[in-house]
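Below: the structure, in structure tokens.
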Amino acid sequence: MVVGERKPFEEITRMLEGHKKVMVLGCGGCVTVCLTGGDEAVRVLSSQLRMARDNQGNPIEIIEKTVERQCDPEYIEEVHALVPEVEAVLSMACGAGVGFMAERYTSTPLYPALNTTFVGGSKKEGYYVERCQTCGECKLYYTGGICPITRCSKSLLNGPCGGSTKGKCEIDPEVDCGWQLIVDRLKSLNLMDRYEEIMTSNDWRTNRDGGPRKMLREDFQR
Amino acid sequence: MTDECKTESRLEKILRSGKFAVTGECGPPRGADAEVIRKKCGLLKNNADAFNITDNQTSVVRMSSIASAILMMQEGLEPVMQMVCRDRNRIAIQSDILGGAALGIKNMLCLSGDHQKFGDHPQAKNVFDLDSIQLIQAVRGMRDEGKFIGGEEIKGVPKLFIGAAENPFADPFEIRVPRLAKKVAAGVEFIQTQCIFNVTKFREWMKGVVDRGLHEKVFILGGVTPFKSFGMAKYMANNVPGMDVPEEILKRMKDTPKEQQAEEGITIAVETIKQLQEMPGVAGVHIMAIEWEQKVGEIAEKAGLLPRPSV
């Protein structure tokens, strides 16, 4: 899933300065799962905003709404009657959701309430970790399912640098060395021969370096 | 190993003629004052065969490696241009290789580079378009096949003697020899190792290197760094990632009176070099006297490595 973290409250209030009526729009997708952008998060943030503005003697009117997914034209259509009633929409979706909303509703400013942080999963409730950098060309076959692009701080493709110490990365003793994980895994699977294959220079065109990416299923086009 | 040189490098000539090589190191200044390099060159001259010029080491901004290397050549010393993958993509890297070679640089060291987190610009975006092994492949392809990474032909190939680093003390230990094998397969010609304080562990790694016959395909130069003080030894033991300083060495520094610690550090370095000279497969030493360039000559002298042979 896409993980997002709520922006600092002060940053959000700064974005809303000068507005008297806004919509706080949640997303029922990934950010609901990671507890930052769903129904509940919309309620909490809206209350905080109202309270802060009341305290300043400058009240704000907020429409609270959550759609199934903001990255889907069908669902964001649900708010088409409400958007013209507000001066701005504060989206609690990931960056993709904010982008979809901004493309659909062109005459209303769209503000992000979250920082979209990474593609990952939850190790336990409230604890999320990155596992994919969407480089566009999956190398997990060579590395036993552990991603060197994501898990190595330098995205090295041919093994650990000289800073790997006791299983930890040189940048932080709390961070696992991605290559230690890969080597341990390849060893346990008896696949260490894959380590000695040189991965030649990567083609980053599949990454964002090739410009904004798209995927088209021809069989679904009519 | 073939004694036929592929470049005009003095370091390559020394190594291929079977002589025990000595390299030193020179860190560029954090400013545009060329005098700093010239002064360091004065201290280093004739004390080693070639001298590494570090490339923004520990991710701290310094005078560029290429420019410093040119200044060094003006002083009559042979530089080894270090190049890290952290700050440039393959376009800039290949461009700098061409530029460096055109200006007369004859040795290059291919490194991944320290993470920018350690430096003075932790906010920077890192590149790592290539890693060190892919960089070795790139330079080798440019020199021997006359082709850029992208496949286009080079008119006027860069004649560089190709080196890399290896840290026998980093983890996981069991892939440290295979990792060297990958560098050899990529085309590296000489290796300078991380500072050796744990000679026993280095010996174990070297045995693995010799067992695989890698010492016959690449020249291994053991890294040696003298401690200036017990404080420095402690700092390196605890704060520098991938550094292995055994307890007995720390104790030896600690038990030495403060005013004699620098001398003791040099004694340890000389002892290490003497052990390396006896070790099968070791082709030379790389003396990294960090901001202590004036001691390289003394260490080389005491280890019986001076005068350097002329080739």
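The table below gives the values:
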| quantity | calculated |
| --- | --- |
| Residue count for the range A:140-171, restricted to those that are facing chain B (nearest Cβ under 9 Å) and hydroxyl-bearing (S, T, Y) | 4 |
| Number of positions in the range B:158-181 that are more than 7 Å from chain A (Cβ to nearest Cβ) and either of a type outside the set (A, V, I, L, M) or part of a helix (DSSP H, G or I) (or both) | 12 |
| Residue under evaluation A:C135, criteria (1) touching a residue at least 24 places away in the same chain (Cβ under 8 Å); (2) more than 24 Å from B:K117 (Cβ to Cβ), criterion not met | (2) |
| Residue in the range B:24-37 that is assigned to a loop (DSSP other than H, G, I, E, B), within 16 Å of B:Q192 (Cβ to Cβ) and touching a Gly at 6+ places or on another chain (Cβ under 6 Å) present | no |
| When residues of the range B:212-248 are limited to those that are closer than 24 Å to B:E298 by Cα and of a type in the set (S, T, N, Q), the one surrounded by the most Cβ atoms within 10 Å (Cβ to Cβ) | B:T225 |
| Total residues in the range A:139-153, condition aliphatic (A, V, I, L, M) and surrounded by 16 or more Cβ atoms within 10 Å (Cβ to Cβ) | 2 |
| Meets criteria (closer than 22 Å to B:A283 by Cα, in contact with a Lys or Arg (Cβ under 8 Å, 6 or more places away or on another chain), away from chain A (no Cβ under 13 Å) and not acidic (D, E)) for B:V184 | no |
| Any chance A:I76 is at pLDDT 95 or above, out of contact with any His (no Cβ under 7 Å at 6 or more places or on another chain), in a helix (DSSP H, G or I) and among the β-branched types (V, I, T) | yes |
| Elements of type helices (runs of 4 or more DSSP H) contained in the range B:186-301, each with 1 or more residues being over 20 Å from B:L11 (Cα atoms) and β-branched (V, I, T) | B:199-211, B:247-254, B:261-278 |
| Conditions (1) at negative phi; (2) surrounded by 12 or more Cβ atoms within 10 Å (Cβ to Cβ); number of the one not met by A:G136 | (1) |
| Test result for A:E78, surrounded by fewer than 17 Cβ atoms within 10 Å (Cβ to Cβ) and in contact with a helix residue (DSSP H, G or I) (Cβ under 8 Å, 6 or more places away or on another chain) | no |
| In the range A:121-133, the residues that are surrounded by fewer than 18 Cβ atoms within 10 Å (Cβ to Cβ) and under 21 Å from A:D39 (Cα atoms) | A:G121, A:S122, A:K124, A:E125, A:G126, A:Y127 |
| Residues satisfying the stated conditions in the range B:219-245, i.e. under 13 Å from B:I290 (Cα atoms) and among the charged types (D, E, K, R) | B:K228 |
| Per-region count, the range A:104-124, residues without any contact (Cβ under 8 Å) to a residue 12 or more places away in the chain and either farther than 30 Å from A:H19 by Cα or assigned to a strand (DSSP E or B) (or both) | 2 |
| Hits in the range A:81-116 - residues which are crowded, with 19+ Cβ neighbours inside 10 Å and among the polar types (S, T, N, Q) | A:S91, A:T116 |
| Within the range B:100-137, considering residues that are touching a residue at least 40 places away in the same chain (Cβ under 8 Å) and of a type in the set (K, R), the one farthest from the other protein chains (Cβ to nearest Cβ) | B:K106 |
| Residue pairs meeting the criteria (Cβ under 6 Å; at least 6 apart or on separate chains; first outside any strand (DSSP E or B), in the range A:1-28; second of a type in the set (D, E, K, R)) | A:H19/A:E87; A:G28/A:E68 |
| Any hit, the range B:167-190, residues being at negative phi and either among the polar types (S, T, N, Q) or out of contact with any helix residue (DSSP H, G or I) (no Cβ under 9 Å at 6 or more places or on another chain) (or both) | yes |
| Selection from the range B:124-171 of residues that are crowded, with 16+ Cβ neighbours inside 10 Å, of a type in the set (D, E, K, R) and touching a strand residue (DSSP E or B) at 6+ places or on another chain (Cβ under 9 Å) | B:R140, B:R143, B:E166, B:D171 |
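For (1) in a loop (DSSP other than H, G, I, E, B); (2) of a type outside the set (D, E); (3) at positive phi, each residue gets a yes or a no:
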| site | (1), (2), (3) |
| --- | --- |
| A:P173 | no, yes, no |
| A:V183 | no, yes, no |
| A:N190 | yes, yes, yes |
| A:S201 | yes, yes, no |
| A:R205 | no, yes, no |
| A:M215 | yes, yes, no |
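The values are calculated or read from the model by the stated rules, or taken from the named source; none is laboratory data. The structure presented is a predicted model; accordingly, all values stated were derived computationally and were not measured. Cβ sites come from the backbone with ideal geometry, for glycine too, and all protein chains shown count toward neighbours.
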